[in-house]
Amino acid sequence: MKIISNVEKLREEIKNLKISKNGTVGLVPTMGALHKGHLSLVEKCRKENDIVIVSVFVNPTQFGPNEDYDKYPRTLDADAKLCEDAGVDILFAPSPKDIYDEYYFKNKETTLICPPYDVVNKLCGKSRPGHFDGVCTIVGKLFNITKCDRAYFGKKDAQQLFIIKKMVRDLNFDIEITGCPIVREEDGLALSSRNTYLDNNARKNALNISHALYKVKGLCKKGVKEADTLIDTALAYMENLEVEYAEIVSVDTFEKIDIIEQSTENKALMLVAAKVDSNGSKVRLIDNIEL
């Protein structure tokens, strides 16, 4: 496995690999602090492609002024070991100066890819203005840099996955986007790089998020179809958390659903974002479940 930070060197290496392997390029974009969830994406990418690239980049343009950019976990040595063991061909680990030019650092502005307002001004985008502009911009950059055939994202970031798929359609990227299932701990907690922020008590409290989602899914299976009833049930399970949102939307449109129908064409998804008190700070976690 080669570890590369420079964009031009990456392009040259990909070109050489394409000549030698004559196959498809798969990309797994990450912000590092890799865990089993990321490795499940790498595993699927490895099965479906001849060349596997993992990017590790904590992208400044998707963090707001009061968010955790500076303290976001950075574990490149450990990440590199995991990637090498997983059969990755290239680990692309640029610095911000490899990705953004001097104009950005001087003016804090760059050319952005901006998804439609009605897609981003809800759920995570409602409390994180500009977040998805930054996400789409860095993902678009990675697509252009790597010229990948396929890219792999986790379904835990459901709104992000929906927006990236829309961006690919709207901007005519010739790339196949694959969403991979959420990976959980044995107790049900969805794997996240931010779980490293949780102290023992906070981790115990964070379990109420997945407990709420599984309870809602169980009620739905028993015939409870009113979204308001299901959301109220979830909120009751998360009383000790600072819930940012708990909503039920259509998988296909991400518009709110009032009544859940048993239809393979109109699947429903319940999404939750909540903050957990840990070591004197608040840790923001997201999770979801298909109903």
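The values are calculated or read from the model by the stated rules, or taken from the named source; none is laboratory data. If you're wondering where the values come from, they're calculated on a predicted model, not measured in any experiment. FYI the Cβ positions are ideal-geometry reconstructions off the backbone, even for glycines, and counts take in every protein chain you see. All accessible areas refer to the heavy atoms of the entire protein, side chains included, with ligands and DNA or RNA removed. Shrake-Rupley method; radii C 1.70, N 1.55, O 1.52, S 1.80 Å.
Observations
- Å² per residue, accessible surface of the chain at 1.4 Å: 51 Å²
- Calculated FRET value between residue 6 and residue 67, using beta carbons and R₀ = 25 Å, to 0.05: 0.35
- Percent antiparallel among DSSP beta bridges (both partners in the chain, rounded to 5): 50 percent
- Calculated from backbone phi, Karplus (6.51, -1.76, 1.60) coupling profile of segment 225-234 in Hz, x at Gly/Pro: 10, 6, 4, 4, 5, 5, 5, 4, 5, 4
- For segment 143-184 versus segment 193-245, the inter-centroid distance based on Cα atoms is 26 Å.
- Positive-end residue, the chain charge dipole about Cα centroid, Cβ charges, pick of 134, 37, 220: 37
- Counting protein heavy atoms only, segment 100-227 has 49 percent of its accessible area on carbon and sulfur, 1.4 angstrom probe.
- Separation of the residue 84 and residue 97 label points, Cα + 7 Å toward Cβ, nm: 2.6 nm
- Relative protection proxy for 131-137, 237-243, 66-72, 46-52, from highest mean packing down: 131-137, 46-52, 237-243, 66-72 (other beta-carbon atoms within 10 angstrom).
- Anisotropy class of segment 218-270 from Cα gyration tensor, a/c 1.5 cut: oblate
- Within straight-line cross-link reach of residue 15, lysines at Cα separation under 19 Å, skipping those fewer than 8 residues along the same chain: 2, 141, 147
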